[in-house]
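Here the structure comes first, spelled out in structure tokens, and everything after it is commentary.
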Amino acid sequence: MSAPFEDIRALIYRASLTLDREDWIGFLALCAADFRYLITAYSPELRKRMIWFDHDLESLKALLDMVPQHLRRHGTLLRHVSVGMIEPAGSPDCYTVTSTFQCLHTELDGTTRLYAVGRYIDTVTMSDGRVLFLGRDTQLETRDLGIGSHVPL
Amino acid sequence: MASRTAAQWQQPPAVPDTHYVSGNVYSDPQIFAEERDKIFGRTWTIAAHESELPNPFDFRTYDYANTPLVIVRGGDGRVRTFINACSHRGAKLVNEPGGNAKTFTCFYHFWSYNSEGACVGIPKSEAYDQVGLDPSKCGLREVRTEVRLGLVFVNLDDAAPGLDSFLSGALDTFQSVMGTGELEVFHFQRSVIRANWKAWVETNMDAYHTIMHVVLRKTQVDSTRVITTYPGGHLSTDGVKASYTNYKGWGDRSQAMALPGSAPDDLRVGNLFPNSAILIRGTVMRIDVLSPISPHETAVESRGIGIKGDSDANRLTRIKHHNQYWGPFSRNWPEDAYAAEACEKTFSTGAAKYQIIAREENMRGQDDGMMRVFYAEWSRRMGRPAHNPLNR
Ligand code: FES
Ligand SMILES: [Fe+2]
């Protein structure tokens, strides 16, 4: 079977659109049961990679359920993604997808600022004819995120 | 109940002078310049954690209140700090945030310096013979450096009292947790927030604002907090416990993961005047250090600290514990940053005039006494009362 490139690209773009809309249920529906979401950044200060966000599907769901109760930056996020490479991963029907992204934050008054840039290293898998996320490692270039936010990038 | 007129809004709150603060302390450029001299130029501050410089010739750079520093572990194992400026024509010498180098060579004319700050190389130096420039007098400007409990403290003032006199025992309560085994920084975050530095300090001293954080509302009882004060404006708090399972999706922290001398459900905080806080949540530690950039901008450096030599699994668990409350993607730190920026929006324009720090609970519970202790020391060092710093 040839790699479902179009379906994989569509998955990455759909993920960004659902996250932009804060459609958490829609995003979780794109993830396999053993999904893991990481946000990492390399610290030149420590000369080590740091893990800033680490959730399996269950804890990600719990986190997203709590979002409305938290105080957080106002406004919206817009994720601009470019899918770069799609390569076979170790197991059959698994692919590693490397994309670059910019995440822009728009304040309530309409001002837009760059929030973060980085790469999504996604692992996707075929399940019942659908492509799903098995893992996302959001590798940040940006380390100064201002006031930050626990909403996933 | 009534709203207030413009004139009434200018009137100080009807509480003792020690119990409110003028908004001018956040916004006035002259006050900011004086703080740089009288506070940041003369107090000891945390510049790094020793674990960031484990080996000889390891270095870190740090811009402290707009003064660039380079912190180096020498070949002799001692940690020294220098102003990060070349003796020749002043260029910033070291640019990398961290690394390992036996010598620092300036990019500009290749003057070089060793890890003890001596100038060890001047290309084509014979042209200086005529004026008698002596390379032994061209070393870097050394900054006083002391290490306590793994914390690397520096002081820009050669005449300031020593570190122990400055601390007045404020670190003693952290002796077992920080002085038993080796600790290691696993998280380093430098975030520039659009707020005066004191607005962030207040987030670590305002015991009342826990009401703002859903994680704290759910996991902690504040009435048991006991505040201890030390000479010099330092503080520590103890007696608060956290019930982590009360927050959706979180589990308990096990005794096996507890830091030395800590219970897994402990919350303890130390505030070192003017700009540092040590926060311990049983299994993991955070250290905040503030570096003011302008009256309206502050670099917050937050470190996450665990046990050196942890198994991979334990390290991952500790990182998860850290990231629940702390870090840019946590559920507590961004809320504090939000609060600091929200106050900046009103004080920077003069729209807000005063803040009230008048809660009295016998230095327990949600007493505002920590902020009063801070502003008493601020007023003493500045020679200006925080309630009326411009004498108007
Ligand atoms: S300024 Fe550094 S060598 Fe000239
Ligand atoms: Fe807070």
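Scanning segment A:59-87 for residues that are open to solvent by 70 Å² or more (accessible area, probe 1.4 Å), farther than 20 Å from A:GLY148 by Cα and either modelled with pLDDT under 95 or of a type in the set (Lys, Arg) (or both) turns up nothing.
The residues of segment B:145-194 that are surrounded by 22 or more Cβ atoms within 10 Å (Cβ to Cβ), assigned by TED's automatic domain parsing to the domain that holds B:ALA65 and not hydrophobic (A, V, I, L, M, F, W, C) amount to a single one, B:ASN155. Of the candidates B:ALA48, B:ALA101, the single residue that is more than 16 Å from ligand 1 (Cβ to nearest atom), within 14 Å of chain A (Cβ to nearest Cβ) and modelled with pLDDT of 95 or more is B:ALA48. B:ASP265 meets the conditions (1) within 16 Å of ligand 2 (Cβ to nearest atom); (2) more than 14 Å from chain A (Cβ to nearest Cβ); (3) open to solvent by 10 Å² or more (accessible area, probe 1.4 Å); (4) in contact with a Lys or Arg (Cβ under 6 Å, 6 or more places away or on another chain) in every case but one. The failed one is (1).
Screening A:THR125 against (1) surrounded by fewer than 16 Cβ atoms within 10 Å (Cβ to Cβ); (2) assigned to a strand (DSSP E or B) leaves a single unmet condition, (1). B:GLU116 meets the stated requirement of being of a type in the set (Asp, Glu) and in contact (Cβ under 8 Å) with a residue 40 or more places away in the chain. Listed conditions (1) open to solvent by less than 50 Å² (accessible area, probe 1.4 Å); (2) within 16 Å of ligand 1 (Cβ to nearest atom); (3) on the phi > 0 side of the Ramachandran plot are all met by B:GLY77, apart from (2).
Are any of the residues in segment A:40-47 closer than 30 Å to B:GLU96 by Cα, touching a Ser or Thr at 6+ places or on another chain (Cβ under 6 Å), within 14 Å of chain B (Cβ to nearest Cβ) and crowded, with 16+ Cβ neighbours inside 10 Å? Please lay out each step first, then the result.
Within segment A:40-47, the first condition is being closer than 30 Å to B:GLU96 by Cα, and the residues that meet it are A:40-47.
The next check asks that each one be touching a Ser or Thr at 6+ places or on another chain (Cβ under 6 Å); those that pass are none.
No, the conditions are met nowhere in segment A:40-47.
Restricting to segment B:334-348, and then to whatever is without any contact (Cβ under 8 Å) to a residue 24 or more places away in the chain and at the interface with chain A (Cβ under 8 Å from one of its Cβ atoms), can you tell me which residue is farthest from ligand 1 (Cβ to nearest atom)? The qualifying residue farthest from ligand 1 (Cβ to nearest atom) is B:TYR338.
In this entry, B:PRO274 is excluded by the filter for residues that are out of contact with any Asp or Glu (no Cβ under 9 Å at 6 or more places or on another chain), closer than 25 Å to B:GLY169 by Cβ and part of a loop (DSSP other than H, G, I, E, B).
Rundown of residues vs (1) modelled with pLDDT under 95; (2) within 16 Å of ligand 1 (Cβ to nearest atom); (3) under 30 Å from B:THR245 (Cα atoms); (4) more than 10 Å from every other protein chain (Cβ to nearest Cβ), yes/no style:
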| residue | (1), (2), (3), (4) |
| --- | --- |
| B:SER294 | no, no, no, yes |
| B:GLU301 | no, no, yes, no |
| B:ILE307 | no, no, yes, yes |
| B:TYR325 | no, no, yes, yes |
| B:ASN332 | no, no, yes, no |
| B:GLY350 | yes, no, no, yes |
| B:GLU361 | no, no, yes, yes |
| B:ARG364 | no, no, yes, yes |
| B:ARG384 | no, no, no, yes |
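Every condition in (1) on the phi > 0 side of the Ramachandran plot; (2) away from chain B (no Cβ under 14 Å) holds for A:PHE5 except the one numbered (1).
Contact map, segment B:203-221: first residue within 14 Å of another protein chain (Cβ to nearest Cβ), second residue among the polar types (S, T, N, Q) and open to solvent by 50 Å² or more (accessible area, probe 1.4 Å), Cβ cut-off under 6 Å, separation 6 or more or different chains; pairs are B:VAL214/A:GLN69; B:LYS218/B:ASN246; B:THR219/B:SER243; B:THR219/B:ASN246.
Here B:VAL15 meets each of (1) in a helix (DSSP H, G or I); (2) more than 29 Å from B:GLY306 (Cβ to Cβ) with one exception, condition (1). For first residues located in segment B:63-92 and assigned by TED's automatic domain parsing to the domain that holds B:SER112 and aromatic (Phe, Trp, Tyr), partners that are outside any strand (DSSP E or B) and open to solvent by less than 40 Å² (accessible area, probe 1.4 Å) and lie 6+ apart or on another chain with Cβ distances below 8 Å form the pairs B:TYR64/B:PHE40; B:TYR64/B:LEU156; B:PHE82/B:GLY117; B:PHE82/B:LEU140.
Out of B:LYS248, B:LYS241, I need the residue that is in a strand (DSSP E or B), more than 19 Å from the chain's Cα centre (by Cα) and among the charged types (D, E, K, R). Which one?
Values: B:LYS248 fails: in a strand (DSSP E or B).
Every option except B:LYS241 fails the conditions.
The values are calculated or read from the model by the stated rules, or taken from the named source; none is laboratory data. None of the values given here were measured: they were computed from a predicted structure. Glycine also receives a Cβ, built like all others from the backbone with ideal geometry; neighbour counts cover every protein chain displayed. Ligands, DNA and RNA are stripped out before the accessible areas are found, and what is left, the full protein with its side chains, is counted by its heavy atoms. Shrake-Rupley method; radii C 1.70, N 1.55, O 1.52, S 1.80 Å.
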